[in-house]
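Values in this text are rule-based calculations from the coordinates and carry no lab data. Only a predicted model underlies this, so the values are computations on that prediction, with no experimental measurement involved. FYI the Cβ positions are ideal-geometry reconstructions off the backbone, even for glycines, and counts take in every protein chain you see.
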2 protein chains.
Amino acid sequence: MTRKRRPPIAPEDFRAAGGLLDRRIFLAGGLAAGTLSSSSAGAEPLSVAPWMKTPGSPFTPYGQPSRFEDKVVRVWTNPPNAPGTGAARTPLHVLNGTITPNGLHFERSHSGIPDVDPDAHRLVIHGLVRRPLVFTMEMLARYPMESRIAFIECGGNGGSLYQKDPAQLNCQGLHGLVSCAEWTGVKLSTLLDEAGMEPSAKWMLAEGADASGMSRSVPLVKAMDDALIALYQNGERVRPSNGYPLRLLLPGYEGNMQVKWLRRVKLTEEPTMTKDETSKYTILTPDGKSLQFVFPIEAKSLITQPSPGLTMKGPGLYEISGLAWSGYGKIAQVDVSADGGKTWAPAALQQPVLPMALTRFRMPWRWNGGPAVLQSRATDETGYVQPTRAELIAKRGGKTIYHFNGINSWGVDESGEIKHVYA
Amino acid sequence: MTRKRRPPIAPEDFRAAGGLLDRRIFLAGGLAAGTLSSSSAGAEPLSVAPWMKTPGSPFTPYGQPSRFEDKVVRVWTNPPNAPGTGAARTPLHVLNGTITPNGLHFERSHSGIPDVDPDAHRLVIHGLVRRPLVFTMEMLARYPMESRIAFIECGGNGGSLYQKDPAQLNCQGLHGLVSCAEWTGVKLSTLLDEAGMEPSAKWMLAEGADASGMSRSVPLVKAMDDALIALYQNGERVRPSNGYPLRLLLPGYEGNMQVKWLRRVKLTEEPTMTKDETSKYTILTPDGKSLQFVFPIEAKSLITQPSPGLTMKGPGLYEISGLAWSGYGKIAQVDVSADGGKTWAPAALQQPVLPMALTRFRMPWRWNGGPAVLQSRATDETGYVQPTRAELIAKRGGKTIYHFNGINSWGVDESGEIKHVYA
C-alpha cells in the first residue's frame, strides 16, 4: 500500500513562467501542512472540542448554511426610485465546483420578484399557431421533461471592464452575474409542435409576468433547438427570483432573454422590438451604431481563486482555479498565465465538460512571493479564443456595458494582496 | 419552420404492455392542454394578474423557495430520549432532475448536528504514517481540488421493505435517505501521499467530531482510489447537516461511512471494529450470522412520478420518471413495467450518465384508467441487475433493515390513487 514519493519540483516540471506547474507535481506534496511529532498526534489536535460534548442541533425541514458562512451572500445594486430593479450577484470568489446553490444564484430583475401563485398562473402559446394553447402548471407537469446543466449570464456582466480604469471590485462585483444550475422542464419544441406552427412563423415573443412585463424576441430556430420551459432548478421548483413557477431557458443566450415568470409565447414573423431589446441590451459601437440581437455569450473565463479581496498566505504552492463558459458549446481549453499573458500553460478541466455549462479549471502554482499578474484564456469547441481586453475594446469601443468577455487580470503584489488590474 | 405532424399512436408504438410507449410518440402531442379559440387567446388567459400591477419583492442576500412550496420539506424520525438521533428524508416525489438542493439533502445523525467552528476545527492524519499531519481548514483550501457529482445513500434506506406488509408511505418515507450533489474537495490520496503511508497500513479509521464520535473503518484501497475530503456541496461550503466544515466522500459507499465533521483519519493494519460497524450497519442473515463491511450500494431504482401519495388526473398520457443509481459505477439501463413485471421496456436515461451519481430515467405512458402496477429495474455497467423484492428476501431474509435494493411496486387503481404494493 505504500507509494514511492515522487521527486521534488524540477525545472522540467514548470509549464510556464511565474511558477505555473505541471498538475502532477502538486501531488508530490510540498505544502506546509502542520507536522505532528508522533507523540503529539494523539494529544492537542485530537482534544475533544466543545461541540463533541453535547448533543447537536435537531433536524430542520429546510436546511441553511452554517452560521460561520454568513458572509457568503449575494450583494446587489438597486438604483434609487426603482423598486426591485437591479441585480444581485453570486459570490464567485468563495464558491467552488460548478453548480451554484439556489440561494446564491444571481438575479437580475426589472421590477422586483413577483409573488406568483402557481395555481393561478398560465402559460399561453398563441400568435402564428394553428391551435392556441393555454397550460396550467399541473398540465405542464405531465409532459415529458429533460434536464440540463446550464449557465446563465446577464448580458451586462463584466460591464465595468469597459471603463477606462480597473474597478476595484472582487469577482462578485465584477463578474457575479453568472451562475450555473441543473434545470429541468419541458422542451419548448414539444409544446410548439402541439400548437402547430404556421409556416410564416420565424420568431417568438417571450413575456414575463412581472410588473415590468419583461419581454424579448427569440428566433424560432433556437426555440425549436434546445429551449426549455424550466420548472425545476437543482432538483426543486425554480426559485421566485429565477422565475417561479417557470422560466424560459435558452442555453448559452444572454440572461434577460431567458424570460422569468413566463406567461406567454407568441409566434411572429418578425422580432417584436420590445422596450427590452431596443432601449436596452443593444451594444453601442464606436461609430454610434448599435448591435442588436447579440444573443449567445462568447467564450469567457475568470480566475476565482486567488482573486481580488482574497490574500495570499505567504510564498509556496497554491491552486489557481476558475470558471470558463461559452454560449457556443463546450469549453475546449483554458490557458493560464502568471506573467500577464507573456507565457501560457493549459489548465486541467474538471470532467464532465458540458456544453453551455460552467467548466471549472485548475492549475498548480508556486508563488515565489514576488509580483505576478494572473490571467486565464478560454477557447471553446468552435475554436474561438477569448480576446484580450485591449482587443475587445479596439473592436467594441467603451460606450457599451454589454457582453464583456475580455481576459481578466489579477495583480498580486509582494504583500500577497490581489487587485484588479488592466494588463 | 413548420413541421409535419407525426402520426397518432399506432400499435407499433407500444413498447410493453399496460401502455408503455416509445419515447418519440409523446412528442406527437395528445395531451389535453387547454385549447384557446383564436379569439380568446388574447383575452382571459392573458389577463393581468395582481402581481403584475405592483413592483415585486426586493433582493435578498440568500434566497429561499417560494412560499407556495412550503410543503416541499424534509420529514424525519427521531426516537424518544435520543436528541438529534435519527434521519431526515429528501422529498423525492416532488423533486425532478438529479441534483438535490442543499436544503433538502437527506441527513442521518447519530447525535445531532454539531456547531463546528471552522477556525478551531482540525483534520488529523496519523497512525501508520511516516509523518503525522494536522490541517487547518485554511491550509486544506490551498490543496488541489476535484469535483464530482455523487449520490449518498444511507445503508438503511428502504429498510421498511424488508417488512412482511408494504408500508403505506410515499417515496420520501420509503426511500428518502438518498440524495445527490456536486461535491468539491481535496483528494484524500493527496494528503495520505504527503503523510507517507507505512507498508503495513491496509485500513483507515475515519472519525467525526459529533457527540457520538461516529466512526468507521475504510479499506485503504478505497481511500487511495476516489475518496474526497469534501469542503463544498453544490458550490457552497458543505452544510452543517452534511458535515460542515468537511466530510469524507466515498463515492458509492453506504452513507454512514462518509463520515461527517471529519476530525481524524488513522491508518491501521486491521479494521478498528468501532461501535458503528459492530452494533450497527451489519446485515443479519437468515442463518443468524451477520454480514459485516458491505460497503458499496448495489444497483437500485425507483419511480418518483407517479408514486404513492400523488394522484393520477384521469386517463391519458403521462411521463413515468424516476431515479437509478449504483455504487459500482454507471447505470447502463433502466427498464420499466406497467404490469407488475410481466413485460418491460427500456427507459430513456438523462445524459450525462455519471458513475456513482443519480441517473434520471423517463418513459411515456398512456394510462387507460385501469389498474396498473408500475415498476423499474436498474442494470449497472457491471451487468448487475436489480433483483425483485422476492429474490432479495429469499437471499437475505427479513431480519435486517440494511441495503434494500429490491424492485419497488406502485399500484395504481381505477380512481387514480397510487399505493405501495408488493408484486
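Structure data summary
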{"item": "Shortest-first nm distances, A:Ala348 label point to equivalent points in other copies (7 Å, Cα→Cβ)", "result": "3.5"}
{"item": "Copy-to-copy label separations for A:Gly383, where each label sits 7 Å from Cα toward Cβ, in nm and ascending", "result": "4.5"}
{"item": "Distance in nm between pseudo-label sites at B:Val385 and B:Glu198 (7 Å out along the Cβ direction from Cα)", "result": "4.8"}
{"item": "Cα-derived Rg to Rh of the stretch A:152-253, Kirkwood definition", "result": "1.05"}
{"item": "Amide H within-cut-off set for B:Ala332, under 5 Å, with H built and near neighbours excluded", "result": "B:Thr379, B:Asp380, B:Glu381"}
{"item": "Distance between the stretch B:159-221 and the stretch B:119-156 - C-alpha centres, whole angstrom", "result": "14"}
{"item": "Convex hull of the stretch A:107-283 built on C-alpha atoms - directionally averaged projected area, nm²", "result": "10.4"}
{"item": "Residues whose placed amide H lies under 5 Å from that of A:Ala211, excluding near-sequence neighbours", "result": "B:Gly56"}
{"item": "Residue-wise HN-Hα coupling along the stretch B:14-23, computed from phi with Karplus coefficients 6.51, -1.76, 1.60 (Hz; x: Gly, Pro)", "result": "7, 10, 6, 5, x, x, 6, 10, 4, 4"}
{"item": "Taking chain B and dividing mean pair separation by its residue count, relative contact order in percent (alpha carbons under 8 Å, at least six apart)", "result": "17"}
{"item": "Per-bin percent of Cα-Cα distances, the protein assembly as shown [20 Å]", "result": "15, 47, 33, 6, 0"}
{"item": "Most fluctuating residue given options A:Gly309, A:Gly155, A:Gly252, as computed from a GNM of chain A linking Cα atoms under 10 Å", "result": "A:Gly309"}
{"item": "Exposed-loop-free span, longest in chain A, where GluC sites (Glu not before Pro) count as exposed if DSSP calls them loop and at most 14 other C-beta atoms lie within 10 Å", "result": "A:1-268"}
{"item": "Between the stretch B:362-382 and the stretch B:293-314, the Cα center-to-center distance that results, in Å", "result": "11"}
{"item": "Residue (of A:Ser215, A:Ala230, A:Ala195) at the positive-pole extreme of the stretch A:191-235, dipole from beta-carbon charges", "result": "A:Ser215"}
{"item": "Two-decimal Rg to Rh for chain B - Kirkwood Rh, Cα set", "result": "1.02"}
{"item": "Estimated Rh, the stretch B:286-423: Kirkwood, alpha-carbon pairs, angstrom", "result": "15.7"}
{"item": "Selected from B:Pro132, B:Pro166, B:Pro55 as most flexible by GNM, with chain B as the system and alpha-carbon contacts under 10 Å", "result": "B:Pro55"}
{"item": "Gaussian network model of chain A, Cα within-10 Å springs - most flexible of A:Ala206, A:Ala357, A:Ala223", "result": "A:Ala223"}
{"item": "Rg and Dmax of the stretch B:135-196, Cα atoms only, in Å", "result": "18.5, 53"}
{"item": "Per-q log10 I(q)/I(0), the stretch A:358-423, q = 0.13, 0.16, 0.24, 0.29 Å⁻¹ (Debye; single scatterer per alpha-carbon; no solvent)", "result": "-0.49, -0.70, -1.12, -1.27"}
{"item": "Point-charge dipole on Cβ atoms (K/R +1, D/E -1) for chain A, about Cα centre, debye to 20", "result": "460"}
{"item": "Average Cα contact separation per residue, the stretch A:107-283, under 8 Å, 6 or more apart, as relative contact order %", "result": "29"}
{"item": "Distance between modelled label sites at B:Val48 and A:Gln168, nm, 7 Å Cα→Cβ extension", "result": "4.6"}
{"item": "Signed unit charges on C-beta, dipole axis of the stretch B:128-177, positive-most listed residue B:Cys171, B:Thr136, B:Ile152", "result": "B:Thr136"}
{"item": "Share of alpha-carbon pairs per 10 Å distance bin for the stretch B:63-174, given as whole %", "result": "10, 27, 32, 21, 8, 1"}
{"item": "Extension reserve of the A:Asp22-A:Glu270 stretch, reckoned as 0.36 nm per residue once the Cα distance is removed", "result": "84.0 nm"}
{"item": "Spin-label pair A:Lys71/B:Thr278, simplified geometry with 7 Å Cα→Cβ offset, distance in nm", "result": "4.6"}
{"item": "Dipole magnitude (debye, nearest 20) for the stretch B:300-421, charges at Cβ of Lys, Arg, Asp, Glu", "result": "280"}
{"item": "Proportion of all alpha-carbon pairs of the stretch A:59-103 beyond 17 Å (%)", "result": "50"}
{"item": "P(r), alpha carbons of the stretch A:229-314 - 10 Å bins starting at zero, rounded %", "result": "13, 30, 30, 19, 7, 1, 0"}
{"item": "7 Å along Cα→Cβ, label-point gaps from A:Asn78 to other copies, nm, shortest first", "result": "3.4"}
